[in-house]
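Just below is one structure, and these are the notes that go with it.
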Amino acid sequence: MIPELGHFALVLALCLALVQGTVPMFGAAWGIPGWMALARPAAWAQSLFILMAFVCLVTAFIQNDFSVSYVAQNSNSALPVMYRISAVWGAHEGSLLLWATILAVWMSAVALFSRSLPDETIARVLGVMGLVSVGFLLFMLLTSNPFERLMPAAMDGRDLNPLLQDPGLVVHPPMLYTGYVGFSVAFAFAIAALLGGRLDSAWARWSRPWTIVAWSFLTVGIALGSWWSYYELGWGGWWFWDPVENASFMPWLVGTALIHSLAVTEKRGAFRSWTVLLAVFAFSLSLLGTFLVRSGVLTSVHAFANDPKRGVFILAFLGAVVGSSLVLYAWRAPKVVGSGNFQLYSRESLLLVNNVLLVVAMASILTGTIYPLALDALNLGKISAGPPYFNIVFVPIMVPLVLLIGIGPATRWKQDSPWQVLRRLRFAVLVSILAGFAYPLLMGSYSLAVGAAMAIALWIWLTTLMDMRAKAAHKTSLWAGLRALPRSYYGMVLAHTGVGIFIVGVTLVTAYGVEEDVRMAVGDSHEVGGYSFRFDGVKEGEGPNYTASTGTLHVSKNGKEVTVLRPEKRVYWVQRMPMTEAAIHPGLLRDLYAALGERLPDGAWSVRIYYKPFVRWIWLGALFMAFGGVLAASDRRYRVMAKRASARAPAITGGGATSAPAR
Amino acid sequence: MSGRFQAFMLLLALAWSAAALAAISVYDFPDAQQEHRFKHLINELRCLVCQNQSLAESNAGLAQDLRQEVYEMVSSGKNDDQILKFLVDRYGDFVLYRPPVEATTYLLWFGPFLVLLVGLVILIRTVRRRAALATGTLSAEEQQRLHQVLDQPKDKDQP
Amino acid sequence: MLRYLLPLGIFVGLVALFAVGLYRDPKLVPSPLIGKPAPEFTLPTLKDPKKTFSRNDLLGKVSLVNVWATWCVSCRQEHRFLMQVAQRPGMQLIGFDYKDERPAAMQWLQSLGNPYATVLFDQSGRTGIDWGVYGTPETFVVDPKGIVRYKHIGPMTPDAWHDHIEPVLAQIRTGKG
């Protein structure tokens, strides 16, 4: 009964989405207020039904309803409840429903927090989002129905892939999708602006908070995926340039360019057609990611099981959405003339360079990801492009970009001189080069690459601090000056600081991390990274739905015990898949990591031990970036906008908030 | 339907890898340099039966065999090029995670930098031209084009 | 105007690429041995470990080298068709038993039938590596001069035989098409 309800709810949602995607748009085009007013209620009603469908699927999982094919394929009665819920988005059909649900949440949020928007705009924005929703609902109903029944019902399910039975994997997809889907808001705003022919600073100001929040979620989602892959898969790495990882990283890069570009459009009125194009790109890349992961064109550990029929649908959808937006862009954008005029050396042009670098970085990743496919399609052979390629091509593009983090804020709008900027920043230049290149000396073996990377990180932090001091200098005291700086500024400070933290983490763990595969008999000791690891044998045991062999490693440093690591080898009962569960002792400055291999013929075990210095800084940096984004999005002027709008509503009784003018 | 069934069966036969089990094999090396070379090589080589994993990570049977091959070749004194050639002769360029630089891959290797260069050049020229427009320093040709644009009927869509 | 159409142009190109790519198998690894001499090898036969078979024994006849194993589910699937193939004149069907157990393999052939003129035993898989074997079943077509003419990946089916193997055999017969 419940699955049928869910299915029906999806059908109803589709009908509402069709209405939402068409009527308000025509209403905006022809100036019919009644039609435009349909947008918000349609969005809320549609969201309600999608949410209902989602709840129905979750219920089916919790209740172990194995008459639903999707539940039977991805769950099991022995599966702990938490994973039964996360199994909802563990495979193709359910993750599509998650996509649709998150889209519904964003739509409702836009409908709710947009009182100050003119009716035409909100009609168009919700209309575009409605059309996107139509695509996903159709996709589900036509090719990937999560509520399909299995007759006769299975006795028990095939269990969730053991790799996914993990807290990280519970949170990672929802965060990631919130980011991906959130870019549809920026996209919808861009399309609305193109359709309405008005790309002014107001449009940029409305789009900005939505875009920044979506970007923050995407940052967290990607970081979670990287962190999960590090601790779960036992390979000690944190990024493989796998096609699916790239599919999430590309929209992030363009999203970063977009938030910077929106800032310029809002403040200076420049870059308008650029910003619109970036908004279209960001969401297009989200959709492209969906295509790459579900169509079977690329090989990836991440890819969902699929068939070409689904691939054809998504490709058609992708073609329709992106194709029509680019046509609209080609038609309308030439008429949009940016009002900014600025000299060759100015903050505007540096931000343009920033955009170009980020887009080229994205293009290089896109090239590497689809080049093997392209060659194969043209019958020119079969190659692979993996981490060696991406590292060689991507890193050099990033170097000038991160240097700009320091140069940009120190450069004036409209016109400045490079020499003046250099003079202003000379302290940072000197200290970062000296201290940065000196750092590897402390570590023993010298490496120029490490020196350069540390110099860059220091450069970022020093220039950020100097900029804060410069901007806070206009008040009576430094403290008053700092207090007067808006949240959006601190958001930037936090995010840029995060970039520096990230660079330090990546560099130090790559350069100074140690990995050793050793044969250990009971009582054997091995030294890694200054720590001593003593192997105390392996015990057999059981978990809720698996059998485990647990090893014990006593770790000490200079004779003092630091921790006991218990790496496991598990065999899950249902899928009979063996899995390594690594044991990690985390720390801010280093991780100690052990994984159990195999029992060797002589009774000893093969054990892998890692010493990973500063590895947590990688995800810490990402967290700083995400928090910076959220902080910036919560800036007063966006909240002031909302308050002002409600004050403008015909309420005679007092309470009209007279807030300070938005900056 | 038969085609898809075949593909599925093939996948079953090919994918006898336990992707979730880290590949921990112990190899003995006489010196650190050889060990370093070995680790570098197995990270550059692709596991042919896996869903995108390197020889270092994969625990598939073929991956274990190939790691053993590479180990033996490193121990017997072969250099990196010879080892890579050995594998490419048998499995093609697919086995390399670092694609070779040849005619079909020039675009892959040099494309991004070319695009960057072109992008920067266009950026500089566009910004210069716009700045010149604003400060009134136009060439004769540009002045003529400016008049052309200004003389066109006004578009109601202009912001 | 042109530069505003550029993103659209690139996008259309990408979509075309993907459309073609949808019908390709990204995991298929083509063999670099095609058109080259078959690798040197010497393997013991399955039935009699003391008897060996090497590359030279392939020469003079058209050989179909079929790589199989008892642990391979698809090999069982193609087996019946291979029994039919074995009846065809003008070629020898050589089996490479890949990374298997001798008793299990003998049992398999006994119960399902033996389509092979000779079955060779590659226990370590070393010879398989030389032939670029990455998964079973795989079938190589080797001409009388010892040149590898075609590699079929996956179970041999009547369709595959008709569409791919027979044209190659015809080419060999008419003398290098």
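The values are calculated or read from the model by the stated rules, or taken from the named source; none is laboratory data. This is a predicted model, so every value here is computed, not measured. Virtual Cβ from ideal backbone geometry, glycine too; neighbours counted across all protein chains shown.
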Filtered residues of the range B:59-95 (kept if among the polar types (S, T, N, Q) and within 12 Å of chain C (Cβ to nearest Cβ))
B:Gln64, B:Gln68
Look at B:Thr105 and say whether it is at pLDDT below 95, among the hydroxyl-bearing types (Ser, Thr, Tyr) and part of a helix (DSSP H, G or I).
no
Checking the structure you have, find out if any residue of the range A:344-352 is more than 30 Å from C:Ile34 (Cβ to Cβ), at the interface with another protein chain (Cβ under 8 Å from one of its Cβ atoms) and not in a helix (DSSP H, G or I).
yes
Every residue in the range B:96-111 that is among the charged types (D, E, K, R) and more than 9 Å from chain A (Cβ to nearest Cβ), please.
B:Glu102
Please verify whether C:Phe81 is closer than 18 Å to C:Thr42 by Cα and in contact with a Ser or Thr (Cβ under 9 Å, 6 or more places away or on another chain), treating the condition exactly as stated.
no
Residue by residue through the range C:35-54, note down the ones that are exposed (fewer than 15 other Cβ atoms within 10 Å of the Cβ), within 19 Å of C:Gly132 (Cβ to Cβ) and not small (Gly, Ala, Ser).
C:Lys36, C:Pro37, C:Glu40, C:Thr42
Specify the residue that is nearest to the other protein chains (Cβ to nearest Cβ); the eligible residues are those in the range A:563-612 that are under 26 Å from the mean Cα position of the chain (by Cα) and surrounded by fewer than 21 Cβ atoms within 10 Å (Cβ to Cβ).
A:Ile584
Scanning the range A:471-512 residue by residue, the ones that are out of contact with any Leu (no Cβ under 7 Å at 6 or more places or on another chain), of a type in the set (A, V, I, L, M, F, W, C) and in contact (Cβ under 8 Å) with a residue 12 or more places away in the chain total 14
Using the structure shown, decide if A:Gly127 is crowded, with 24+ Cβ neighbours inside 10 Å, in a loop (DSSP other than H, G, I, E, B) and not hydroxyl-bearing (Ser, Thr, Tyr).
no
Here are A:Trp239, A:Trp228, A:Trp235, A:Trp203: which of them is within 14 Å of chain B (Cβ to nearest Cβ), of a type in the set (Phe, Trp, Tyr) and touching a His at 6+ places or on another chain (Cβ under 8 Å)?
A:Trp228
Condition (residue is within 11 Å of C:Val67 (Cα to Cα), buried (at least 21 other Cβ atoms within 10 Å of the Cβ) and away from chain B (no Cβ under 11 Å)) applied to the range C:123-144: is it met by at least one residue?
yes
